[in-house]
Each structure stands twice: as C-alpha cells, then as structure tokens.
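What follows is a single structure, written as structure tokens, with notes after it.
The values are calculated or read from the model by the stated rules, or taken from the named source; none is laboratory data. Remember, it's a predicted structure, so these values are computed and weren't measured experimentally. Note that each Cβ is placed from the backbone with ideal geometry, even for glycine, and that neighbours are counted across all protein chains shown.
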Ligand code: AP5
C-alpha cells in the first residue's frame, strides 16, 4: 500500500501515521523526521536544512526531492506512507516522475483538515521523544508517566520549531506553498479529506476505514 498524507503542521499526520504503520506494516517516510535525524547526525544535509526548519520555511525542493526519492527506493515491499512530502506542487510533480519511472502508483491521498486556532493549541502542548520519535500531547494524548516516553522512558522534549512565533510562520508557509498541493491531488482521484478536529481515535478510525476501501492490504 502507498499513501500520501497531507495536512497543515500539527494536523496530526505523524500521530495517524503510527496507526497506518501498525495496521498495514508499511514504512513511515516522514520528511520532517528524516531531516531531524540528519540534523542530529550533523550531516551536510542536516546543516543545510537547519536554518529553514528553525524559521518555519521550507527546505529547498531539490534537497527534499533527492532525500525522499532515496527513502522511497529503500521502502519495504509492504509499501509506505508519505508524511510531510510533497509540500509544493513542484515536489508533487517530481514525486510523480519518480513513481512513474519505477512503475509505482499511489493508492490513496488523505488530507487532514483543521483550523489554524486548533493547531496553535496542539503545538503548544506537543511533546516528542528524542529517541524513538513518539508524539504526545500534555492533555489530548498524555504519556503514562508525565514527561517520559511510554516506549523507552526517555525525557520528552518540545520541538524548537513548536515555539508559537515559528508555528505562525509554518502556517503561513503551509497556506502559501502547500495548500496548492491539495488542489493538485484533488484532480487526481482517490483523494479523501478527513476532519481532524476530533479525538485521535476517531481520526484513526476514519483514516483506516478509507484505506480499507480502495486498496488491498
Ligand atoms: P514536519 O516535521 O513535517 O512538521 P509538520 O508538517 O509541520 O508537521 P508536524 O510534525 O509538526 O505535525 P503533525 O501533523 O505530524 O502532527 P502530530 O501528529 O505531531 O516538518 C518540519 C520542518 O521540516 C518544516 O517546517 C520544513 O522546514 C521541513 N520540511 C519537512 N518536510 C519538508 C518538505 N517536504 N519540503 C520542504 N521542507 C520540509 O500532532 C500534533 C499534536 O497534536 C501532538 O501533540 C498530538 O499528540 C496532538 N494530536 C494529534 N492528533 C490529535 C487529535 N486527533 N486530537 C487531539 N490531539 C491530537
């Protein structure tokens, strides 16, 4: 199965991807997670991406397209869910070229829809595990022990780009550069929108029921 998951920063893409991975055994290809790993390793790509990420801007398309094409080429037979990519129409076109060249089709494009005001509240309460990448929220999705990851007990952190001023810039970037990607996929069929301002369990159920319909496991 191959899925593209679209949505604004904080719409809940990473959270629902975990459910898709658990259900279908596909690879979670998150452009943001890959970039954060590159930064943690202080690679050349990580250094190039750093200032863009910390200021809420998009990393240049050529860097991202090469990075994600590499990740897709290594994905397992079960398939993948793309989280945070494509984020510009140019990236979407380049993704199509990569997929066509490899004889691969996307089974579904799912877009999580949510108001900006809800996002600001979600980002303020988000906590992430620096070791395994698990995502929590202080009230909506708290860990079992406050401040500790359920999976490995690591101290949870706030992402630097969850600072309110950077979140506002990320939303501007989303509306200007990523919203057009929704239009791009709407005309391609197998496009679904899910209201994401409902609890994580409801979003999970809505997304999984869509994926059951058009694709084979
Ligand atoms: P990236 O890491 O992709 O960030 P993002 O798209 O801004 O998305 P987030 O990870 O912030 O949010 P999410 O939608 O996954 O929400 P989550 O599930 O965590 O990108 C970071 C940066 O990297 C970009 O700004 C850019 O610089 C660069 N970059 C990445 N990809 C790029 C690309 N393709 N091109 C160029 N640059 C790129 O949920 C958020 C919170 O809400 C959590 O606390 C969660 O517990 C809670 N929550 C989730 N679902 C629910 C629910 N249903 N109800 C209540 N609470 C919920």
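A quick yes/no check of all residues on (1) within 18 Å of residue 84 (Cα to Cα); (2) at pLDDT below 95; (3) not in a loop (DSSP other than H, G, I, E, B):
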{"site": "112", "(1), (2), (3)": "yes, no, yes"}
{"site": "117", "(1), (2), (3)": "no, yes, yes"}
{"site": "123", "(1), (2), (3)": "yes, yes, yes"}
{"site": "130", "(1), (2), (3)": "no, yes, no"}
{"site": "133", "(1), (2), (3)": "yes, yes, no"}
{"site": "139", "(1), (2), (3)": "no, yes, no"}
{"site": "145", "(1), (2), (3)": "no, no, no"}
{"site": "152", "(1), (2), (3)": "no, no, no"}
{"site": "165", "(1), (2), (3)": "no, yes, yes"}
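Here are some residues: 197, 201. Which one is part of a helix (DSSP H, G or I) and either within 13 Å of the ligand (Cβ to nearest atom) or modelled with pLDDT under 95 (or both)? Let's see the steps before the verdict.
Numbers: 197 fails: part of a helix (DSSP H, G or I).
Selected residue: 201, the only one of 197, 201 that is part of a helix (DSSP H, G or I) and either within 13 Å of the ligand (Cβ to nearest atom) or modelled with pLDDT under 95 (or both).
Considering only the range 133-161, how many residues are within 11 Å of the ligand (Cβ to nearest atom), in contact (Cβ under 8 Å) with a residue 24 or more places away in the chain and over 15 Å from the mean Cα position of the chain (by Cα)?
Counting residues in the range 133-161 that are within 11 Å of the ligand (Cβ to nearest atom), in contact (Cβ under 8 Å) with a residue 24 or more places away in the chain and over 15 Å from the mean Cα position of the chain (by Cα) gives 5.
Matching residues to (1) surrounded by 15 or more Cβ atoms within 10 Å (Cβ to Cβ); (2) within 10 Å of the ligand (Cβ to nearest atom); (3) under 16 Å from the mean Cα position of the chain (by Cα):
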| position | (1), (2), (3) |
| --- | --- |
| 116 | yes, no, no |
| 127 | yes, yes, yes |
| 131 | no, no, no |
| 166 | yes, yes, no |
| 174 | yes, yes, yes |
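Going residue by residue through the range 62-75, is there one that turns out to be closer than 24 Å to residue 151 by Cβ, touching a helix residue (DSSP H, G or I) at 6+ places or on another chain (Cβ under 7 Å) and surrounded by 14 or more Cβ atoms within 10 Å (Cβ to Cβ)?
Going through the range 62-75, the residues closer than 24 Å to residue 151 by Cβ turn out to be 71, 74-75.
Narrowing further to those that are touching a helix residue (DSSP H, G or I) at 6+ places or on another chain (Cβ under 7 Å): 71.
So of that shortlist, the ones also surrounded by 14 or more Cβ atoms within 10 Å (Cβ to Cβ) come out as 71.
There is at least one residue in the range 62-75 that is closer than 24 Å to residue 151 by Cβ, touching a helix residue (DSSP H, G or I) at 6+ places or on another chain (Cβ under 7 Å) and surrounded by 14 or more Cβ atoms within 10 Å (Cβ to Cβ).
Within the set of pairs 6 or more residues apart or between chains, which connect a residue that is free of Cβ contacts under 8 Å to residues at least 40 places away in the same chain and over 17 Å from residue 136 (Cα atoms) inside the range 10-36 to a residue that is in a helix (DSSP H, G or I) and near the ligand (Cβ under 10 Å from one of its atoms) with Cβ atoms less than 6 Å apart?
Here the result reads 35/49, each pair linking the range 10-36 to a residue that is in a helix (DSSP H, G or I) and near the ligand (Cβ under 10 Å from one of its atoms).
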